[in-house]
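Participant: My questions will all concern the structure given below.
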Amino acid sequence: MLANFMVAIEATIVATAMPRIVGDLGGFTYYSWVFSAFLLTQSATTVVYGKLADVFGRKPVLVFGIVVFLIGSLLSGFATSMTALIGFRLLQGIGAGAIQPVTMTIVGDLYTLEQRAKVQGVMSSVWAFSAVVGPLCGGLIVEHLPWAYIFWINLPIGVLTIIGFLLFLNEKVEHRKANIDYLGSFLFSIAIVALLVILTEINAGPMVLLSLAAVFVIAGGLFVWQERRAREPIISIGLWSQKLVAISNLATVFAGMVFIGVTTVLPLYVQGVMGWSTVIAGFTLTALVIGWPLSIMVSAQIFRRFGIRATLRYGSLLLPVGAAFLVFTQPGSSPVLPGIGAFLMGAAMGIISFTTVALVQDSVEWRDRGSATASIMFARSLGNTLGATVLGAVLNAGIAYFATGELAAVMHDVLNTPTGLANLATNPEGRAVFDLSLHWTFYAVVVIAALTAVFSFLVPIRPGFDSFAPRRRAVNDAIVPVGDIEG
């Protein structure tokens, strides 16, 4: 929980402090890259750490990742320019790539399916807590302390986390000669970074995008060739192509698109169209992050009564139902309406998140569990990036369609001023354009949510796994989960 807390609070606390940081360092044009740099290296290294955790064990890989993350945090506080800050954030992301997939893998190692629902619910509550505490801490630090403490706050937490893992995480790893696929790791990182830069910088010039696309295709092709010939590939093509893993990853990609879409678009509507404050807009998102861990915590009881197949399928239907609440939200609506929709979507994403991770983890042996878990985490990161890009493009297309002539210039000026979003609600024409444009994104969220539900229905459940009866068998006087034996 401490390890995940560092990564969870990173986004909200840095976002709160960024206006102050930019004011001190300058370079507003690089504003978005402070966030993108962290996400790029975090996403690109996730699957690499998953494989390393299968080879060397969970503890050394996780501790290494935390140490790198803390070094990046320390250096970020000493940054004297936006360029330096972006570089240190890249280092931070390299460390963060180990934390979430390996901690989730450890949960899969230590707990049965019934226990895992409760434990993952508690783990997910960290994100809800961070969503509330992060902005508050960020505001207090910026107001009373140098902004460097935004990053240095991670240092004592990270040290306690490392001590805890060294003292209490005991694992037995079979000592064998490892053949690390360094070339595959390098090619994969190059291909994924190129893809994510394309997605985050979609408005760049055509030559830049074509060059990045060429890098992605070439590096991706070489990566597949390398993985097919490597003795121990960093990504098992056979594992990722298994029907259960492949469809679970697809469902997770679309769920990630919905999540990032709601978190970026809903506050714009609540503030710019409905005219409510940032605090009220934040509460609508709080409903989303509260629904997520709550649904995971009650998953064990739901499994026991209805089975994992029904839980996944019908729980996923809450996603398009919740998205529909956004479509019916109007300028004069109560913020409770989108809040209910956000809560239902959070509950659905919690169920989808837990069930897909649990099914994938229990479908493979210990030596592949880290890679399998990392594939789900990578799919979620990719979905977040895709969702931000796709829904941002839909919003821009809506504004370009509904705002013409002088109104388009007015919209541009309003949205590019610090108080523009708050003032938009007092501009009837601009408010109407923003309302119609954001409803385009709401319809897009409904479509993506429906696709998530479709793929959730297609996730295969092997015979005998759907029942939630205790599934443990004695082997040589040791109690071993049946799923591990069958794997």
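Participant: Run through every distinct alpha carbon pair of the stretch 1-177 and return the Kirkwood hydrodynamic radius in angstroms, one decimal place.
Facilitator: Taking the inverse mean of 1/r over all distinct Cα pairs, the stretch 1-177 comes out at 16.8 Å.
Participant: In µm²/s, what is D for the stretch 181-231 at 25 °C and 0.890 mPa s, where D = kT/(6 pi eta Rh) by Stokes-Einstein and Rh is the Kirkwood radius from Cα pairs?
Facilitator: 219
Participant: Could you give the size of the charge dipole of the stretch 147-270 about its Cα centre, using +1 on the Cβ of each K and R and -1 on the Cβ of each D and E, expressed in debye and rounded to the nearest 20?
Facilitator: About 340 debye.
Participant: Quick one: 3J(HN,Hα) in Hz for the stretch 283-290, Karplus 6.51/-1.76/1.60 with θ = phi - 60°, rounded, Gly and Pro as x.
Facilitator: Running phi through 6.51 cos²θ - 1.76 cosθ + 1.60 with θ = phi - 60° gives 5, 5, 6, 4, 4, 5, 6, 7 Hz.
Participant: Would you mind putting 104-112, 448-456 in packing order, based on average other-beta-carbon counts within 10 Å, highest first?
Facilitator: For the peptides 104-112, 448-456, the packing ranking is 448-456, 104-112.
The numbers here are math on the coordinates, done by the rules we state, and not lab data. Because the structure is predicted, anything quoted here is derived from the model rather than measured. No Cβ is skipped: glycine too gets one built from the backbone with ideal geometry, and neighbour counts run over all protein chains shown.
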